[in-house]
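As structure tokens, the structure follows; a few thoughts come after it.
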Amino acid sequence: MGSKGTPMLDQLRAMFPHVNASAPASTAMIRLPGQPDSVRRARMFTRTTLQDWRLPEHFDTVALVVSELVTNALRYGLDALPRHDGGTGERGLPPSAGAETAVELELMRYARRLICAVRDGSEAPPEISTEDGAADPAAESGRGLYLVDCFSDGWGWRPLTGDRRGKVVWAVFQTG
């Protein structure tokens, strides 16, 4: 955690001007490997960050959305990573690239809102699974973005630009 922002959400910050135009009040970022345990790690990171920011009352809602965004990034974003499996059938960065990062989670706190954003390597836009935007309650999957839409105050996505490929899917929460 720290007070300096990362380049992941420069475009998003421009869309949501804040009270102090120089910087968000706080930012925190974690890189997560392409493993199922990463969803639990993202929730733990969110809990610790919100406690540090004195926003623990927002944990349940934010953690639900973080879980859905990270799950989607792992499910759909890993297919976009180059294959470096060495015969194991797993996707990921080559071992020489250091820690295998599949997704990044960034939390940004502003005066009256919180933004959580997840970056993955896929350039495909996120989609709510049905034409009318409502999830099928009997389906075993496909409700993630519907839940994000229901529990956040807004969400969206942006393709990454420059040298980075992929996209950022973000959700915003009013905190005050």
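The values are calculated or read from the model by the stated rules, or taken from the named source; none is laboratory data. All values derive from a computational prediction rather than experimental measurement. Accessible surface is based on the protein model in full, side chains and every heavy atom, while ligands, DNA and RNA are left aside. Shrake-Rupley method; radii C 1.70, N 1.55, O 1.52, S 1.80 Å.
Compared with the alpha-carbon gap, the fully stretched path from residue 150 to residue 164 is longer by 2.0 nm at 0.36 nm per residue.
Among the protein heavy atoms, those of residue 112 account for about 150 Å² of accessible surface (1.4 Å probe, every chain in place).
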